[in-house]
Amino acid sequence: MNQNIRFEMLIGPEGLARLRRARIAVFGLGGVGGYVAEALARAGVGTLDLIDNDRVALSNLNRQIIALHSTLGMTKVEAAAARVRDIDPSIVVHQFQTFYLPGTRDQFDFSAYDYVVDCIDTVSAKLDLVMQCRAAGTPIISALGTGNKLDPAKLELADIYDTAVCPLARVMRKELRRRGVEKLQVVYSREEPITPLFQPESEQDASLSPDDPAFYGNKRRSVPGSSPFVPPAAGLLIASAVVGDILKKTIDISK
């Protein structure tokens, strides 16, 4: 009996074999991306490229699946890769300890991926990922804002042009329209953002890359609050959409 037998009962040997042949890149391994990588590994995806330059911090423990007291201080790619290999040692894992930005795009061959998952926060990087995938003909799905939200039931899978409420979605819609991008699959929340009750004085905004000028700005951007519910739920919704899209091309999963 193989470890994926319970999933194979639903998608069949052909579906499982297709996932084994798949190579998926997950950009960003925080509250959303860590759960994406976890679910893809448990689904039987054969090759995962994991991209992040952060280290596991104490404030990650409330919502990030790779964050444990035993992993504090580890790079997130190292922690995620170790977890994936512990789930399934046969999975091929490529680690990239880097922030994805237009200046680092040459490290990646987007035509090699069956799917790209965007779980990063910097708008310029998200837009560049979309454009690189578009040029390569590679499907991409983007996670939008999950900070300052409490209700996972408000999450939706949608096209970017059908989104509402989310401030990040609004910016992305405008910029994608300027670039002639007609569609982009996203996971976002219709929940109105909550204003945090206070700002931690000692915590640098971990959502900003050191390559983002705002990282060193005199006026630091507010650190968003984050719950143990919304980022994980968004990650699982994204992983489900990715696996579903890959399997649609292989088998009929609507029965």
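The values are calculated or read from the model by the stated rules, or taken from the named source; none is laboratory data. Computed from a prediction, not measured in an experiment: that's the story for all the values here. So basically every Cβ, Gly included, is an ideal-geometry build from the backbone, and we count neighbours across all protein chains shown.
Looking at Ala17, Ala43, Ala80, Ala39, which one is aliphatic (A, V, I, L, M), modelled with pLDDT of 95 or more and farther than 26 Å from Thr146 by Cβ? Answer to the check: Ala17. The residues of segment 55-87 that are surrounded by 14 or more Cβ atoms within 10 Å (Cβ to Cβ) and part of a loop (DSSP other than H, G, I, E, B), listed by number, are Val56, Ala57, Leu61, Arg63, Gln64, Ile65, Ile66, Ala67, Leu68, Leu72, Met74.
Of the residues in segment 232-241, none is modelled with pLDDT of 55 or more and assigned to a loop (DSSP other than H, G, I, E, B). Tell me whether segment 172-195 contains one or more residues that are assigned to a helix (DSSP H, G or I), at pLDDT below 95 and either in contact with a Ser or Thr (Cβ under 7 Å, 6 or more places away or on another chain) or of a type outside the set (Lys, Arg) (or both). The answer is no, given that none of the residues of segment 172-195 is assigned to a helix (DSSP H, G or I), at pLDDT below 95 and either in contact with a Ser or Thr (Cβ under 7 Å, 6 or more places away or on another chain) or of a type outside the set (Lys, Arg) (or both). Here are Ser59, Ser70, Ser90: which of them is of a type outside the set (Phe, Trp, Tyr) and either within 28 Å of Thr250 (Cα to Cα) or within 15 Å of the chain's Cα centre (by Cα) (or both)? Among Ser59, Ser70, Ser90, only Ser90 is of a type outside the set (Phe, Trp, Tyr) and either within 28 Å of Thr250 (Cα to Cα) or within 15 Å of the chain's Cα centre (by Cα) (or both).
This table checks each residue for (1) more than 12 Å from the chain's Cα centre (by Cα); (2) within 20 Å of Pro193 (Cβ to Cβ).
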residue	(1), (2)
Thr104	yes, no
Ser111	yes, no
Tyr115	no, no
Cys119	no, yes
Ala125	yes, no
Cys133	yes, no
Ile140	no, no
Leu144	no, yes
Pro152	yes, yes
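Go through segment 97-126 and give me each residue that's of a type in the set (Val, Ile, Thr) and not in a helix (DSSP H, G or I). Passing the criteria: Thr98, Val116, Val117, Ile120, Thr122.
Only one entry of Val116, Val93 meets the criterion of being crowded, with 22+ Cβ neighbours inside 10 Å, touching a strand residue (DSSP E or B) at 6+ places or on another chain (Cβ under 6 Å) and under 21 Å from Tyr35 (Cβ atoms), and that entry is Val116. Annotation note: Cβ proximity below 8 Å between a residue of segment 185-202 that is more than 30 Å from Pro139 (Cβ to Cβ) and a residue that is hydroxyl-bearing (Ser, Thr, Tyr) and surrounded by fewer than 16 Cβ atoms within 10 Å (Cβ to Cβ) (sequence gap 6+ or interchain) occurs for Pro196/Ser222; Gln199/Ser222; Pro200/Ser59.
When Ser90, Ser142 are checked against the criterion of being in a strand (DSSP E or B) and either over 21 Å from Asn53 (Cα atoms) or at pLDDT 95 or above (or both), Ser142 stands alone in meeting it.
Considering segment 152-166, and only residues there that are in contact with a Lys or Arg (Cβ under 9 Å, 6 or more places away or on another chain) and of a type in the set (Asp, Glu), the residue that is surrounded by the fewest Cβ atoms within 10 Å (Cβ to Cβ) turns out to be Asp159.
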